[in-house]
Amino acid sequence: MSKTNNEKCSFCGKSSKDAGFMITGLNANICDSCTLMAYDILKESDPEKGNKPSYFRLTKNELPKPAEIKTFLDQYVIGQDNAKKYLSVAVYNHYKRLLQMPSGDDVEIEKSNIIMVGSTGTGKTLLARTIAKMLHVPFTIVDATVLTEAGYVGEDIESILTRLLQVADYKVDAAERGIVFIDEIDKIARKGDNPSITRDVSGEGVQQGLLKLLEGSVVNVPPQGGRKHPDQKMIPVDTKNILFICGGAFDGIEKKIAMRLNTKVVGYTAGKMTANIDRENLLQYIAPQDLKAFGLIPEIIGRLPILTYLNPLDRDALRAILTEPKNSIIKQYVKLFEMDDVVLKIDDKVLEFIVDKAVEFKLGARGLRSIAETIMMDAMFDIPSAGEQELHITLDYAKMKLEKANFEGQQVT
């Protein structure tokens, strides 16, 4: 090892004057910065030698069973057993596909993308975020509302895979076995049941662009996102093994379901057959033809073979959401005040009052936080500088704060 003025790093071109340390070989040199970078690359590529295990590497012993996945979801999400089962089985089968070894029977397991339908505040996005906590594959949540056809203002379809690549630290092999949750899928429905004869920039055109991603094909992805241009470097990503989970509120689809159910029964027995229908929760009868009537094209419905629904939250479910999950709303407020060395106590009547208002405003679980935030706002403003050690929230206090904020006048009922 020597250090002369004319030596340069063979990797970055840094001279020996600028480098803190230079290692010289027969025909090449390497500086201290490139040496450290090479060491980091070796650590990532070989996690078995004493380094932390790769987040995206899964062994057979780590394979979570569907019941285990659902049990984990139960700790954070109240109710929605039907959606949890569908989601657990879909993720479990996706794991098995990743571990599938070549065999002589020529049976290749194909992926089953899933679509979840449920009104706002029922837990679609929460289910996706919660299941991401236990996954050993790259997972990302994208919003369909920002997607437009190529060449228009907004994001291209390929930006979905750009986010997955970012989560996978740009390791293509890891991204190609990831899971993508596409939220607000209903917002790209076409406006009518008939194909558009004009450009539907953020509707039918986006659905057609999603087809190749959902079914599986090699897509050229811009590594930094943004608009594509001819001279840009692209990363080819094969979507064959990427699991897509879609979710949407599909506001108004109940009318499509009711129309279909009523037209299926004709004659004197019509009254008996329709009497068994639960008109308070028509989503449980949802079928692919309802999605088509809402505005999803048949091609995209066929690439989302698993269809499940989320039940609207009743009063008991809303009451449980306030206190039971690991990250329940009340536990979050208790933790916030605990950081200021303040003990928070809330009467049960206050919790019942919050639930009653959430049911009245029909805002789902998100309404619980809105109401609780309104009640707690003044306390959260004053307590940090007041030096108090205990805060007791009573029913009268909650009613006063809600009336003071004119909460009811602000809500759309």
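Coordinate-derived values only; no laboratory data. Values in this document were obtained by computation on a predicted structure and should not be read as measured data. Cβ: placed from backbone, ideal geometry, glycine included. Neighbour counts: every protein chain shown.
Extension gain for residue 404 to residue 224 (0.36 nm times residue separation, less C-alpha to C-alpha distance): 60.0 nm. Distances between placed amide hydrogens fall under 5 Å for residue 221 paired with 235, 237, all partners being 5 or more residues away or on another chain. Rounded to the nearest whole Hz, the Karplus-based 3J(HN,Hα) values (6.51 cos²θ - 1.76 cosθ + 1.60, θ = phi - 60°) of the stretch 207-219 follow the sequence 4, 5, x, 6, 4, 5, 5, 5, 7, x, 7, 8, 10, with x at glycine and proline.
With a simple spin-label model that places each label point 7 Å from the Cα along the Cα-to-Cβ direction, the separation between residue 15 and residue 89 comes to 6.9 nm. Taking θ as phi - 60° and the Karplus parameters 6.51, -1.76 and 1.60, the scalar couplings of the stretch 237-249 work out to 10, 8, 8, 4, 9, 8, 8, 10, 10, 10, x, x, 7 Hz in sequence order, x denoting glycine and proline. Each label was represented as a point 7 Å from its Cα along the Cα-to-Cβ direction; for residue 316 and residue 145 these points are 3.3 nm apart. The slack in the chain from residue 37 to residue 110, taken as 0.36 nm per residue of separation less the alpha-carbon distance, amounts to 22.4 nm. Suppose we look only past 18 Å in the calculated P(r) of the stretch 304-399. What percent of the Cα-Cα pairs does that tail hold? In whole percent, the long-distance tail amounts to 48.
The 3J(HN,Hα) values that the Karplus relation (6.51, -1.76, 1.60; θ = phi - 60°) gives for the stretch 19-31 are, in residue order, 8, x, 8, 10, 9, 10, x, 5, 10, 8, 10, 9, 8 Hz. Gly and Pro appear as x.
When the pairs 85/256; 345/401; 84/171 are compared against a 23 Å limit on Cα-Cα distance, 85/256; 84/171 fall above it. Model label points for residue 82 and residue 8, set 7 angstrom from Cα along the Cα-to-Cβ axis, are 6.9 nm apart.
Proximity of backbone amide H atoms, modeled 1.01 Å from N, is registered between residue 168 and no other residue at under 5 Å, excluding neighbours fewer than 5 places apart on the same chain.
Full extension of the segment from residue 359 to residue 380, taken as 0.36 nm per residue of separation minus the current Cα-Cα distance, would add 5.1 nm.
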